[in-house]
Amino acid sequence: MKKICTLASIILFLFCTNLKLSAQMHHGDWKEMEDFHEIMAIAFHSAEGDLFNPLKENSELLVSKAQAWKDSAIPAEYNKKMTAKTLSQLVKQCKKVDKMVKKGASNEDLMAAITKAHDIFHSAMEKGKM
């Protein structure tokens with residue numbers, strides 16, 4: 001069992017490292033977006049694989065990274081008004097996820113909440129571009 005967990009951790013690390021490099025290639029130099037994406041990838045994709053500890057262990061960090069992204073300067077290639085609104089929604093949803101984690105919500109409810117946060121993340125990342 002220990003070998004399976006170790007192997008799963010290595011695979012998850014490599015997957016997330018690849019996602020980070022992919023994000024850097026596609027999304028330029030918006031550091032705060034990349035920082036958020038790194039944590040979201042770990043939390044969301046682990047939960048998709050029915051591993052919820054990474055989400056539970058990183059829920060506070062997810063909120064702080066979302067807030068840092070929201071507070072950062074929006075690059076010129078993004079629609080400032082739309083992106084600011086979407087990032088506000090993202091912070092709100094990440095706070096909801098964190099609150100659910102702290103209250104011991106079911107994995108099914110956590111999956112629904114992190115999926116919504118993930119969808120908002122993609123809206124900010126993709127649809128905010130002009």
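Cβ under 13 Å from Thr115's Cβ, Thr115 left aside: what net charge do those residues give with Lys, Arg +1 and Asp, Glu -1?
Computed value for this residue: -2.
For Cα pairs less than 8 Å apart in space and 6+ apart in sequence, what is the mean separation divided by the residue count of segment 19-118, i.e. the relative contact order in percent?
Computed over segment 19-118, the figure is 27 percent.
Would you mind ranking Ile11, Ile39 so that the residue whose beta carbon has the fewest other beta carbons within 10 Å leads the list?
Ile11, Ile39
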Filter the cross-link list Lys31/Lys80; Lys31/Lys102; Lys31/Lys81; Lys80/Lys102; Lys81/Lys116; Lys65/Lys103 down to pairs whose alpha-carbon distance in this structure exceeds 26 Å. Lys31/Lys102; Lys80/Lys102
With r defined as the distance between the Cβ atoms of Asn53 and Lys31 and R0 fixed at 35 Å, what FRET efficiency is calculated, to the nearest 0.05? 0.85
Under 5 Å between amide hydrogens, which residues at least 5 positions from Tyr78 or on another chain qualify, with H placed 1.01 Å from N in the peptide plane? Met130
For a quick check: sort His37, His122, His45 by the number of other beta carbons within 10 angstrom, fewest at the front. His122, His45, His37
Work through the residues other than Ala84 whose Cβ is under 12 Å from its Cβ and net out their charges, Lys, Arg +1 and Asp, Glu -1. +3
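Every read-out reported here was derived from the displayed coordinates using simple, explicitly stated rules and does not represent laboratory data. All of these numbers come straight from a predicted model, not from anything done at the bench. With ideal geometry, Cβ positions are generated from the backbone for all residues, glycine too; neighbour counts draw on all protein chains shown.
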